[in-house]
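Notes follow once the structure below has been shown.
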Amino acid sequence: MWLPLLGLLFGISLGLLTDIEIPIVYESYLSIAVLAALDTIFGGIRAQLQQVYDDHVFVTGFFFNIALAAGLAFLGVHLGVDLYLAAVFAFGVRLFQNIAIIRRILLSKWNDKKAKKSEETVQ
């Protein structure tokens with residue numbers, strides 16, 4: 001579970017501490033790739049909480065989602081169609097679904113822990 005969070009923290013700190021500038025031409029590719037990466041990271045957290053996490057699925061999904069999103073943006077630019085919006089919508093929906101499921105799992109665990117603690121105090 002800590003691998004995705006560690007990677008996210010490392011990436012954020014690296015981005016804040018370095019002075020790398022992305023050319024304007026690549027901004028749409030980078031933004032969609034970051035969205036795809038966040039979707040994969042939160043999907044990994046969700047899988048860990050559901051106890052179905054697999055390193056191979058996470059790593060291949062991470063790179064495949066980024067490549068797919070960047071490929072859609074690239075194809076859209078060359079066709080003159082905003083295909084990256086489809087990727088933004090798809091990854092955005094998945095991201096919010098993963099966050100909602102993570103929230104439900106954590107609330108369920110918290111409620112179970114709270115109920116268990118109240119049962120112990122009653123006995």
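The numbers here are math on the coordinates, done by the rules we state, and not lab data. Predicted model, so just to flag it, every value in this text is computed and none were measured.
Residue by residue through the stretch 52-59, what is 3J(HN,Hα) from phi via Karplus (6.51 cos²θ - 1.76 cosθ + 1.60, θ = phi - 60°)? Round to whole Hz and write x for glycine and proline.
Once rounded to whole Hz, the list reads 10, 5, 9, 4, 5, 5, 5, 5.
How high is the relative contact order of the chain? Use alpha-carbon pairs under 8 Å, at least six apart in sequence, and give a whole percent.
Details: 82 pairs, mean separation 36.4, N = 123.
Value for the chain: 30 percent.
HN-Hα J couplings of the stretch 91-106 from phi, Karplus 6.51/-1.76/1.60, θ = phi - 60°, integer Hz, Gly and Pro as x?
Computed from phi, the couplings for the stretch 91-106 are 5, x, 4, 4, 4, 5, 5, 4, 5, 5, 5, 4, 4, 4, 5, 5 Hz.
Consider just the alpha-carbon atoms of the chain and return their Rg together with their Dmax, both in angstrom.
Here Rg and the maximum Cα pair distance are 18.5, 69 Å.
Cα centroids of the stretch 39-116 and the stretch 4-35: how far apart, whole angstrom?
Here the two parts' Cα centres lie 17 Å apart.
Suppose the chain between LEU8 and SER31 were pulled fully straight at 0.36 nm per residue; how much longer would it get relative to their current alpha carbon spacing?
Gain in length upon complete extension: 6.8 nm.
Tabulate in residue order the Karplus-calculated ³J(HN,Hα) for the stretch 67-78, using 6.51 cos²θ - 1.76 cosθ + 1.60 with θ = phi - 60°, rounded to whole Hz; enter x for Gly and Pro.
Those phi angles translate into 5, 5, 5, 5, x, 5, 5, 5, 4, x, 5, 6 Hz.
Considering only LEU107, LEU75, LEU16, give the residue with the highest GNM mean-square fluctuation for the chain, with springs between Cα atoms whenever their separation is below 10 Å.
LEU16
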